[in-house]
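Where a number appears in this text, it was derived from the coordinates with a stated rule and is not lab data. As the structure is a prediction and not an experimental result, all values here were calculated from the model. Note that we place each Cβ from the backbone using ideal geometry, even for glycine, and neighbour counts take in every protein chain shown.
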């Protein structure tokens, strides 16, 4: 898999570049759904559930993540739920994934060790932008997300969560083994 990245800021840029690339599947490192029993992230919803089913499953797998109700995550969650809706309106399949969790399951380093993460991604058969030493941690996480989207398209993925709430796609543990 050849990876090419570009840092984008605005939603319009993201939608435009995604439409031009025309992928089968878009995997986002972003919270895309609220927990069952919670209808918003505003202060008046305090006391409502904080975790989605797959958040609890991630925790059970020993995978670290940021809860969507954590201060700055609220804005990200709102933005990304809107972005998901807009991408789906274009006809894309949009998945939530957790690149750190994917990296853990694939047995490769996380973004705290960028060179180790580059080596791990190369070991999965990924080439292209990852060989650049200036590739950011965000770009390497995006490449991991693209790898999860590829696995999803090949029906070689692990699905966590409850379909009534939302599902998260992650690699099967065996996905890190080149075929």
Original post:
How would you rank 98-104, 86-92, highest first, on the average number of other Cβ atoms within 10 Å across their residues?
Top reply: 98-104, 86-92
Subject >> Computed label-point distance, nm, for sites residue 93 and residue 43 using a 7 Å Cα→Cβ extension >> reply: 4.2
Original post:
Once label points are set 7 Å from the Cα along Cα→Cβ at both residue 133 and residue 164, what is their separation, rounded to one decimal in nm?
Top reply: 5.4
Original post:
Can you give the relative contact order of the chain as a percent, counting alpha carbon pairs under 8 Å and 6+ residues apart?
Top reply: 31
**OP:** Quick one: check the C-alpha center-to-center distance for the range 136-150 versus the range 64-90, whole angstrom.
**Re:** 17
Original post:
What order do you get for 124, 160 when you list them from fewest to most C-beta neighbours inside 10 Å?
Top reply: 124, 160
Subject >> DSSP beta bridge pairing in the chain, given as percent antiparallel to the nearest 5 >> reply: 45
Subject >> Mean residue ellipticity (222 nm) of the chain, computed from DSSP H runs ≥ 4 via -39,500 (n - 2.57), nearest 500 >> reply: -12500 deg cm²/dmol
Original post:
Taking the structure as given and computing Cα extents along the principal axes in Å, which label from (i) 46, 37, 34; (ii) 47, 36, 30; (iii) 154, 32, 23 fits?
Top reply: (ii)
